[in-house]
Amino acid sequence: MALTGRTALLAALGSLPVGILAPSWAGMLAVNAPLSLAILCDYALAAPVRTLQFTRSGDTSVRLGDEAQVQLTVTNPSRRRLRAQLRDAWPPSSWLPGTEQAASRRRLTVPAGERRRLTTNLHPTRRSDRRAERITVRSIGPLGLAARQGHHEVPWTVRVLPPFTSRKHLPSRLARLRELDGLTSVLTRGEGTEFDSLREYVPGDDTRSIDWRATARQNAVAVRTWRPERDRHILIVLDTGRTSAGRVGDVPRLDASMDAALLLTALASRAGDRVDLLAYDRRLRAQVQGRSAGDVLPAIVNALAPLEPELVETDARGLAATALARAPRRSLIVLLTSLDAAPIEEGLLPVLPQLAQRHTVLLASVADPHATRMAGARGTIEGVYEAAAATQTQSQRARTADQLQRHGVTVVDATPDTLAPALADAYLALKAAGRLST
C-alpha cells in the first residue's frame with residue numbers, strides 16, 4: 001500500500017482543530033478512524049497491479065547521439081478502471097542529463113478490459129547495450145487516498161552503436177578511390193595494378209601493351225588494360241587495453257579508434273578488399289571474420305557497440321599470435337593502439353618482426369590535441385613548463401614512430417578528429433603503391 005499526498009493533507013487538516021481546541025486521544029481517534037476506513041476502501045477499490053500485462057516493441061538499436069523510441073503496451077484485464085502512475089526504469093545513461101524523470105514517469109488511465117500504449121524516448125549518452133529495468137506501477141483508488149503498488153519485469157534491449165561521425169569523409173575518399181581505381185581502366189601496368197581486360201588498339205596507345213597472342217586470334221590489334229589491385233585482405237586489430245581508456249578531448253581513445261576503423265571498413269569494402277576485425281587486450285574481446293562486402297560494415301558496427309576498455313596491460317605476444325592466426329596469407333594489418341613509448345618498446349617492438357615479415361603493418365594512434373596547444377604556450381612560467389612537457393611528449397612519440405618505421409611499419413599519428421581520414425589516406429597510399437599485394 002502507498003498513501004498519497006491527499007491523505008496526509010486530510011489527516012493534518014482533521015487533526016489540527018482537535019489538537020488546538022480539545023486535545024485528547026478520543027478526539028484524534030474520532031477524526032482519523034473515518035479517514036482510515038476511507039483509506040482501506042480506496043485501497044480495495046483500486047485496480048489490481050499484479051494482473052496487469054505489459055508488452056514492448058520499437059527500436060532495438062540506435063546510433064549514439066540519435067533518439068530511439070520504445071513502445072510499452074499496458075493491458076488492464078480487470079473489471080476496474082486503472083488510474084496509475086507508472087515508472088519505466090532504464091539505466092541513467094539512457095537519457096540526456098536532467099530529462100530522466102520527465103521521460104520515465106507517466107500518468108495513465110486504462111478502462112477495464114482495454115489497453116493503452118506509451119512511447120518512451122531514449123537518448124543514450126554512452127555506447128553499449130541499454131537494458132530495461134523493472135516497471136513500477138502505482139494504481140490509485142477512486143478517492144485518491146491510497147494506492148496499490150507493484151513492479152513487473154518486461155525485458156527489452158536497445159544496442160547503442162558507435163556514432164560513425166567520420167562517415168562525412170567517405171564521399172571524398174571514394175572519389176579518390178575512383179581516381180585510383182578508375183571508372184575506366186588504366187592502360188599501363190605498374191605497382192599495385194593487375195590485369196583487367198583487352199580492348200582494341202587506338203592510335204596513341206603504348207605499343208608495349210599490345211597482346212600479340214590475342215591479336216593473332218582476331219582481326220584487330222588488342223591491347224591489355226590494367227586496374228588497381230583488388231580482393232586484398234585487411235585485418236583491423238583494435239587494442240582494448242588500459243591505454244585505450246584514456247580520454248582525449250571529449251571521447252576515449254577507444255571510441256576515436258572505432259570511428260577510424262569504421263571509415264576504413266567502409267572504404268576498403270567499396271574498394272573490393274576483404275575486411276576482418278578483432279579486438280584484443282589479454283583475450284579476444286570481439287571478432288568479425290569472413291563477411292561479404294555488403295555485410296561487413298553492419299557486422300563490425302554491431303561488434304564494436306558493447307566494447308569497453310579493459311584496465312589491463314595488453315598482451316602483445318598474444319595479440320600478435322592471434323593476428324597471425326587470423327591472417328594466414330599476406331595481409332594489411334591495421335593496428336589501432338597507443339604510440340606511448342613504454343607500451344610500444346616493452347610490448348609491441350619485440351613481436352613486431354613476426355608481423356612485419358609476413359604482412360604489411362599500419363599502426364594508427366590517437367594524439368592529444370591539448371599537447372599541441374600546450375607546446376605553443378608562452379608568456380608565463382606555467383606556460384613555459386607546459387610547453388616543455390608537451391614538447392618532450394611529442395618528441396617521445398616521434399622517436400617511437402621512427403623506431404616503428406625502421407621495422408617497415410607505416411605510422412599514422414593524428415588527433416581524434418583527423419585520425420579517421422588520415423588512416424583512410426594511408427590505406428589509399430599503400431593501395432596505390434601496390435603494398436597490399438600477396
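Assorted remarks:
- Search result, residues across the range 420-438 that are out of contact with any strand residue (DSSP E or B) (no Cβ under 6 Å at 6 or more places or on another chain) and among the aliphatic types (A, V, I, L, M): 420, 424, 428, 429, 430, 432, 433
- Summed over the range 398-425, residues that are under 20 Å from residue 244 (Cβ atoms) and part of a helix (DSSP H, G or I) total 10.
- Reported count of residues in the range 332-370, each being open to solvent by 10 Å² or more (accessible area, probe 1.4 Å), assigned to a helix (DSSP H, G or I) and either of a type in the set (Gly, Ala, Ser) or under 25 Å from residue 415 (Cβ atoms) (or both), is 10.
- Restricting the range 398-413 to residues that are of a type in the set (A, V, I, L, M, F, W, C) and either open to solvent by 10 Å² or more (accessible area, probe 1.4 Å) or free of Cβ contacts under 8 Å to residues at least 40 places away in the same chain (or both), the residue that is nearest to residue 256 (Cα to Cα): 412
- The combined condition, being surrounded by fewer than 16 Cβ atoms within 10 Å (Cβ to Cβ), at pLDDT 90 or above, under 39 Å from the mean Cα position of the chain (by Cα) and not in a loop (DSSP other than H, G, I, E, B), is not fulfilled by residue 51.
- Inside the range 82-109, residues that are of a type outside the set (Lys, Arg) and surrounded by 15 or more Cβ atoms within 10 Å (Cβ to Cβ) make up a count of 15.
- Test result for residue 287, without any contact (Cβ under 8 Å) to a residue 40 or more places away in the chain and in contact with a strand residue (DSSP E or B) (Cβ under 6 Å, 6 or more places away or on another chain): yes
- The criterion of being without any contact (Cβ under 8 Å) to a residue 40 or more places away in the chain and either under 28 Å from residue 308 (Cβ atoms) or outside any strand (DSSP E or B) (or both) holds for residue 77.
- Selection count, the range 172-197, where residues are open to solvent by less than 80 Å² (accessible area, probe 1.4 Å) and either at pLDDT 70 or above or assigned to a helix (DSSP H, G or I) (or both): 7
- So residue 64, is it at negative phi, touching a strand residue (DSSP E or B) at 6+ places or on another chain (Cβ under 8 Å), crowded, with 16+ Cβ neighbours inside 10 Å and not basic (Lys, Arg): yes
The values are calculated or read from the model by the stated rules, or taken from the named source; none is laboratory data. Fair warning: this is a prediction, and the values are worked out from it, not measured in the lab. As a convention, Cβ positions derive from the backbone with ideal geometry for all residues, glycine included, and neighbour counts pool all protein chains shown. Calculation scope for accessible area: heavy atoms of the full protein, side chains included, ligands and nucleic acids excluded. Shrake-Rupley method; radii C 1.70, N 1.55, O 1.52, S 1.80 Å.
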